[in-house]
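What follows is a set of notes on a single structure, which appears directly below.
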Amino acid sequence: MTAPSTNTGVILTDAAAAKAKALLEQEGREDLALRIAVQPGGCAGLRYQLFFDDREIDGDKVDVVGGVRLVVDKMSVPYLAGARIDFQDTIESQGFTIDNPNAAGSCACGDSFN
């Protein structure tokens with residue numbers, strides 16, 4: 001699968017962008033970006049990190065979606081090409097979800113992938 005035509009290669013859905021923007025407005029901070037990164041860890045070897053960040057790292061890729069700056073560090077870009085970040089708010093689940101076509105498998109708890 002090829003990456004979408006974005007700088008980060010990540011798709012941030014309208015629902016996820018709206019939720020991130022609402023959270024940022026609640027914080028009252030305009031200097032924060034939504035950062036997604038891949039770090040070693042978890043049962044399957046790699047773990048996602050999704051958080052608000054005020055740092056700029058050399059080589060960061062940036063997209064602006066729905067008024068939210070989405071940032072991916074250069075080491076994480078190949079792991080996240082084509083990944084889709086969504087926000088679900090249903091009776092069964094609430095929170096951000098990441099659907100990554102690059103993940104060959106994940107652990108039973110769903111916390112990490114390989």
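How high is the FRET efficiency from residue 90 to residue 22, r the C-beta distance, R0 22 Å, rounded to 0.05?
Working: r = 17 Å, r/R0 = 0.78.
Efficiency computed from Cβ-Cβ geometry: 0.80.
Taking a straight line from the alpha carbon of residue 74, these lysines sit under 21 Å away, with near neighbours fewer than eight places off in the same chain left out: 61.
Computed extension length for residue 47-residue 29: 3.8 nm, one decimal, from 0.36 nm per residue of separation with the Cα-Cα distance subtracted. Relative contact order for the stretch 11-99: 32 percent, from Cα pairs under 8 Å spaced at least 6 residues apart, divided by residue count. Solvent-accessible surface (1.4 Å probe) assigned to residue 87 amounts to roughly 30 Å². Computed across the stretch 11-99, the Kirkwood radius stands at 13.7 Å (inverse of mean 1/r, all Cα pairs). Loop-located trypsin sites (Lys or Arg not before Pro) across the stretch 51-91 with a Cβ neighbour count of 14 or fewer within 10 Å are 55, 74, with loop assigned by DSSP. Within the shell defined by Cβ-Cβ distances under 11 Å, the residues around residue 34 carry a net charge of +2, with Lys and Arg each +1 and Asp and Glu each -1.
Could you rank 85, 91 by how accessible they are, 1.4 Å probe, largest area first? Kindly include the intermediate steps, with their values, before the conclusion.
Working: 85 0, 91 165 Å².
Order by accessible area, largest first: 91, 85.
The values are calculated or read from the model by the stated rules, or taken from the named source; none is laboratory data. Fair warning: this is a prediction, and the values are worked out from it, not measured in the lab. Reconstructed Cβ throughout: ideal geometry from the backbone, glycine too, with neighbour counts over all protein chains shown. Side chains included, ligands, DNA and RNA excluded: accessible areas come from the protein's heavy atoms. Shrake-Rupley method; radii C 1.70, N 1.55, O 1.52, S 1.80 Å.
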